[in-house]
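These notes are about the structure you will find just below.
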There are 2 protein chains.
Amino acid sequence: MNTVVLALAAAELALAPSIVPPTPVPTAGQEEAATPLSPGEIVAAAPESEWVRIAPEDLLVMTLAPDADGDPREVVIQLMPAPYGEGWVGNIRTLARERWYDGIAVTRVQDNYVVQWGDPNAEDESAAKPLPAGLRTMKEADYVVPFGQTRPRQRVVIMSDPYSDMAFYEAGWPLATRDGNAWPVHCYGMVGVGRGYSPDTGSGAELYTVIGHAPRHLDRNIAVVGRVVEGIEHLSSLPRGTGPLGFYEDPAQNVPIISIRVASDLPESERPRFEYLSTEGATFERYVQARTNRRDPFFITPARGIDVCNAPVPVRRVADGG
Amino acid sequence: MNTVVLALAAAELALAPSIVPPTPVPTAGQEEAATPLSPGEIVAAAPESEWVRIAPEDLLVMTLAPDADGDPREVVIQLMPAPYGEGWVGNIRTLARERWYDGIAVTRVQDNYVVQWGDPNAEDESAAKPLPAGLRTMKEADYVVPFGQTRPRQRVVIMSDPYSDMAFYEAGWPLATRDGNAWPVHCYGMVGVGRGYSPDTGSGAELYTVIGHAPRHLDRNIAVVGRVVEGIEHLSSLPRGTGPLGFYEDPAQNVPIISIRVASDLPESERPRFEYLSTEGATFERYVQARTNRRDPFFITPARGIDVCNAPVPVRRVADGG
């Protein structure tokens with residue numbers, strides 16, 4: 001906990017409308033070097049040593065049915081590292097390895113909230129897909145982890161989180177802490193475990209991702225187990241469901257999921273490779289500071305503030321063997 | 001500024017997954033009345049007197065080209081009341097009345113950020129659509145309003161806003177204040193005025209709406225002039241652009257806008273009618289408190305916190321003459 005950062009903002013790039021997009025011309029006396037870098041430029045300049053390879057056991061490749069034009073739709077999800085969501089993540093790997101997910105579907109798309117996928121027949125006992133043996137049942141206490149269990153080396157913390165005493169980043173993930181506990185937060189693109197009314201009813205067979213403003217009220221109430229690192233547009237641009245809670249009313253609207261595989265189970269040549277920017281490195285700290293107070297061209301009033309979901313951890317795909 | 005509320009969360013309804021969705025059965029000794037209401041239930045029980053009709057001069061009806069199935073796509077936008085965004089809102093009404101918007105298009109869809117519409121030829125001086133005479137040029141100072149100009153009757157304020165000294169609600173809108181100024185905040189669905197690098201370059205001819213986590217770094221840097229009150233799914237579910245900043249690379253991907261009309265210019269029978277829940281009433285206060293600490297079934301750990309974009313002001317369509 002070296003540095004306190006009160007930081008800034010939403011997507012990778014500033015809103016630069018089409019009407020006047022030329023590169024700003026420095027006026028006399030201004031050096032080019034004096035132009036503050038954008039958050040994206042700061043990340044692009046990160047040394048290779050600050051990028052951390054994501055283990056293939058922590059990547060899921062979800063293949064949806066092709067779209068109306070026949071184009072493939074692939075979504076890559078990074079699973080959370082222990083101790084967060086540990087039991088559910090184990091279940092998810094089991095479900096993927098048993099090929100239980102193959103043939104399920106996206107059944108719910110609620111605007112500004114979540115896209116959810118699972119067994120479309122889950123509610124019908126006679127038709128529901130039986131779950132494989134050996135799944136763990138997770139309990140209410142598993143939604144948080146004692147703060148002491150987390151590595152005490154957070155470099156970037158955000159003291160002004162309305163939902164906790166402090167938000168912070170650790171090993172590439174946004175987290176929050178209060179009452180001696182820590183938990184992963186529901187930001188855009190995070191993946192969680194659907195459950196029923198009782199907190200021990202979510203196995204990992206039904207998952208969702210956030211496609212709107214961070215629903216932080218779900219923190220500590222539902223397990224966050226991962227995040228989409230590529231292809232979220234295949235989920236976020238799906239037609240919204242018109243039933244209650246955004247469920248598709250006609251099963252024909254469901255979007256079939258062909259398969260979900262753990263990347264380490266794929267042949268070496270088919271494994272996607274991803275890296276995240278170390279949240280313990282100097283670049284990430286500069287990135288969050290730049291998002292807190294944007295001074296790159298276009299911005300006239302720095303925000304002097306940030307929320308943890310507005311400074312997403314940069315993740316990139318790398319070429320084979322890269 | 002009667003009440004300080006530190007509140008809670010994202011969409012209208014809790015995530016109630018399909019796997020276990022029955023209504024909870026009260027156990028012996030529990031009265032039905034003891035079940036805390038959800039935010040949606042609180043709003044549904046609001047007295048009619050707390051719903052405020054939106055003036056037809058403050059509603060825009062944007063008609064997109066029909067979708068691939070030939071279904072109509074209509075988006076209704078509420079313009080901000082004075083003094084916020086006053087000059088731009090005037091320009092927008094002028095542009096609509098001159099029918100300048102008819103035939104423009106959605107040209108940009110950037111995931112977790114914005115959908116933007118305007119003249120697809122704006123960058124090509126020889127082909128750009130000339131703007132009507134009489135538009136006002138707005139300046140940097142116009143992005144904020146002196147806090148004293150706002151009505152001092154905020155009932156619900158949120159003290160823990162990372163981007164300001166205080167967020168609050170006034171006349172149905174989420175706002176924030178710092179340094180003696182107040183400004184409308186960039187939440188999901190808010191509509192703003194695209195501009196170039198200079199703060200005085202946005203006329204209202206190019207507009208955008210937020211389709212992701214609140215990009216609060218844009219507050220005080222771009223003018224918020226309204227919000228989508230119906231049909232945002234026609235924008236948020238559009239295919240993401242694959243060019244820089246999410247612009248469509250092929251003009252054939254642009255989504256044509258047939259027309260944008262001020263509702264008061266439509267024949268009485270065609271005017272949509274909308275109401276918002278008074279942010280100065282008792283129901284809105286209860287709603288924000290319930291979102292701050294959800295105690296309705298499903299929730300196990302109340303958040304004890306809220307951010308202003310996670311407690312959107314309820315808006316509803318009402319029947320003709322309703």
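The values are calculated or read from the model by the stated rules, or taken from the named source; none is laboratory data. All of these numbers come straight from a predicted model, not from anything done at the bench. Using ideal geometry, Cβ is built from the backbone for each residue, glycine included, and neighbour counts are taken over all protein chains shown.
For B:Val5, the stated conditions do not hold, so it cannot be described as modelled with pLDDT of 95 or more and more than 30 Å from B:Leu207 (Cα to Cα).
Candidates are the residues of the range A:99-119 that are within 10 Å of chain B (Cβ to nearest Cβ) and of a type in the set (A, V, I, L, M); the one that is nearest to the chain's Cα centre (by Cα) is A:Val114.
Residue count for the range A:288-322 satisfying the condition of being more than 7 Å from chain B (Cβ to nearest Cβ), in a helix (DSSP H, G or I) and under 18 Å from the mean Cα position of the chain (by Cα): 2.
The set of residues from the range B:64-88 being touching a Pro at 6+ places or on another chain (Cβ under 8 Å) and buried (at least 18 other Cβ atoms within 10 Å of the Cβ) comprises B:Leu64, B:Arg73, B:Val76, B:Met80, B:Tyr84, B:Gly85. Under the condition of being out of contact with any strand residue (DSSP E or B) (no Cβ under 7 Å at 6 or more places or on another chain) and free of Cβ contacts under 8 Å to residues at least 40 places away in the same chain, which residue from the range A:59-85 is nearest to A:Val185 (Cα to Cα)? Only one residue fits best here, namely A:Ala82. Out of all the residues in the range A:238-257, which are buried (at least 19 other Cβ atoms within 10 Å of the Cβ) and assigned to a loop (DSSP other than H, G, I, E, B)? Of everything in the range A:238-257, those that are buried (at least 19 other Cβ atoms within 10 Å of the Cβ) and assigned to a loop (DSSP other than H, G, I, E, B) turn out to be A:Leu238, A:Arg240, A:Gly241, A:Tyr248.
Assess whether B:Ala290 counts as being closer than 25 Å to A:Ile211 by Cα and touching a His at 6+ places or on another chain (Cβ under 9 Å). So B:Ala290 does not fit the description; no.
Exactly one residue among A:Ser259, A:Ser264, A:Ser269 is touching a helix residue (DSSP H, G or I) at 6+ places or on another chain (Cβ under 6 Å), more than 13 Å from chain B (Cβ to nearest Cβ) and in contact (Cβ under 8 Å) with a residue 24 or more places away in the chain, and that residue is A:Ser264. The residues on offer are A:Leu207, A:Leu245, A:Leu238, and the sole one that is within 14 Å of another protein chain (Cβ to nearest Cβ) and either farther than 19 Å from A:Arg73 by Cα or free of Cβ contacts under 8 Å to residues at least 40 places away in the same chain (or both) is A:Leu245. Output the residues belonging to the range B:220-235 that are among the charged types (D, E, K, R), within 7 Å of another protein chain (Cβ to nearest Cβ) and either surrounded by fewer than 19 Cβ atoms within 10 Å (Cβ to Cβ) or closer than 27 Å to A:Gly305 by Cβ (or both). Selection gives B:Arg220 alone.
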